[in-house]
Every structure is written in structure tokens, then in C-alpha cells.
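Reviewing the structure listed below.
The values are calculated or read from the model by the stated rules, or taken from the named source; none is laboratory data. Computed from a predicted model, the values in this text were never measured in an experiment. Cβ sites come from the backbone with ideal geometry, for glycine too, and all protein chains shown count toward neighbours.
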Amino acid sequence: MIEAAKNPFSAMEMWDDTMVTINEGDEKKRVDAKRYRIRYLVGESEDKRFVDGGSDNIEELTEKTVFLAPSVHRLSGDPFHYDHGRVESISGKTRISERTKQLYRHDVCEDHKTIEVIFESPGVECCAMSKEQADKMRVPLQYMAGYMLGKSEGMVKIALSKTVIDDGTEYYDNIHIIPESAIKQMSCLE
């Protein structure tokens, strides 16, 4: 693995309460669950609104919003990019503090439950460019954080989200299978 440019975006885990349908024999059953996702914090805003409460005073209401992207990428010599169409947002200071957790990178760790990988990814969408610019492009590095599912046959499997039902059973989705030969750097997130 080589040294790649450090990702300036910090990873966050966020979760929501949900209901899922599971099969128990011949019967389908709805159960409570939590859906977890790991995303990169790509922006924050502080929105200020004024509310007319029907009295002579207009009250000020402030609300924080965070913007999160599932992955970022970088072309050699260019700044970091991310797909603006896939950005999610969470609003409300209480919701942010109760349903998100900041994750920190560790170069070495023993248990790889959540990881960040930096790998060469030809499938990354980029910005608009001319035909000549596109012809000169090289494979960009993609930065992705998720839940480690395992390594086998030279492949690393990472899920960007998981659902945990109330009995503790975990289900993963948005799974990426990445050749180990394309990985430039890997670190643990805690």
C-alpha cells in the first residue's frame, strides 16, 4: 500500500429508527430496527429563521444542518470531489447530536469493523470536461468508509450501510467488492 493524499473530510456514522419485514418460516413479521450509514461530512450550515407567533414579537429560530456524502474522490493534481446528487442532509441540533457519531481514523487496529479505504476506481463520476480533457484523464482515487464484511480471494467487501433488528441480527446493503490490488491505503474508523 502506498501513501495517498489524506482525506480532509471526516467520517460520521448516522442512524435512524425504522421497521423492517423479516421472514420467520412461512410468516412475515414487522420488527423494529436501526439503520446505520457511514458518510463523509462535506458541509454544515446554520439556518436562521424568524417566526411570527401571533404576538408583537417575532422570534428567531436557528437550526443546524449537516451535509453528508457516501464517498469522495480525487484526480491527481485536482481538489477532492463528490457526487452532489448523492448528498444527504440532517437538520436539527438535537437530531444531529442524538443520531450521529464522529469517527476517527486509526492506521493500525486489530478489529476491522468499520474502515476507510482509498482505492483506484475507474467507475467514479467526475465533473464536466471536454473530449480532449477526458482522453487525458487517469483513474482517480476514491475514498470510501463503511462496514468491513471480509477479505477473500484477493477482494475486500465493504458495505456502506447496515440494518440491525431488535434481536441483534445485522443485514448489510450497498456492498462494494474492491480488488485488494486497487487499494492504496486502508485505516480503521472508531
Do we have any residue at all in region 98-113 that's modelled with pLDDT under 90 and closer than 29 Å to Glu46 by Cα?
no
Criterion first (under 16 Å from Ala11 (Cα atoms) and β-branched (Val, Ile, Thr)) does Ile96 satisfy it?
yes
Conditions (1) touching a strand residue (DSSP E or B) at 6+ places or on another chain (Cβ under 7 Å); (2) surrounded by fewer than 18 Cβ atoms within 10 Å (Cβ to Cβ); (3) assigned to a strand (DSSP E or B); number of the one not met by Gly146:
(2)
Specify the residue that is farthest from Ile118 (Cα to Cα); the eligible residues are those in region 1-28 that are under 16 Å from the mean Cα position of the chain (by Cα) and not small (Gly, Ala, Ser).
Asp16
How many residues, within region 167-184, are in a strand (DSSP E or B), surrounded by 12 or more Cβ atoms within 10 Å (Cβ to Cβ) and charged (D, E, K, R)?
2
Those residues that are touching a residue at least 24 places away in the same chain (Cβ under 8 Å) and farther than 26 Å from Val117 by Cα, I need them from region 61-101; list them, please.
Glu63, Lys64, Thr65, Ser91, Gly92, Lys93
I'm told Leu103 meets every condition in (1) within 21 Å of Ser181 (Cα to Cα); (2) touching a strand residue (DSSP E or B) at 6+ places or on another chain (Cβ under 8 Å) except one. Can you identify the failing condition by its number?
(1)
Restricting attention to region 167-190, and to residues there that are more than 20 Å from the chain's Cα centre (by Cα) and among the acidic types (Asp, Glu), which single residue is nearest to Tyr143 (Cα to Cα)?
Glu180
What tally of residues in region 97-130 results from selecting those that are crowded, with 16+ Cβ neighbours inside 10 Å and either over 23 Å from Cys188 (Cα atoms) or in contact with a helix residue (DSSP H, G or I) (Cβ under 6 Å, 6 or more places away or on another chain) (or both)?
2
Pick from Val117, Val108, Val164: which is in a strand (DSSP E or B), more than 14 Å from the chain's Cα centre (by Cα) and not polar (S, T, N, Q)?
Val164
Residues in region 2-26 that are without any contact (Cβ under 8 Å) to a residue 12 or more places away in the chain and either within 17 Å of Val72 (Cα to Cα) or in contact with a Ser or Thr (Cβ under 7 Å, 6 or more places away or on another chain) (or both) total 1
Output for region 120-143, where each listed residue is within 17 Å of Ile177 (Cβ to Cβ) and either part of a helix (DSSP H, G or I) or out of contact with any strand residue (DSSP E or B) (no Cβ under 9 Å at 6 or more places or on another chain) (or both)
Pro122
Closer than 26 Å to Ile175 by Cβ and not in a loop (DSSP other than H, G, I, E, B): does that describe Ile96?
no
Selection status of Val31, at pLDDT 95 or above, under 29 Å from the mean Cα position of the chain (by Cα) and of a type in the set (A, V, I, L, M)
no
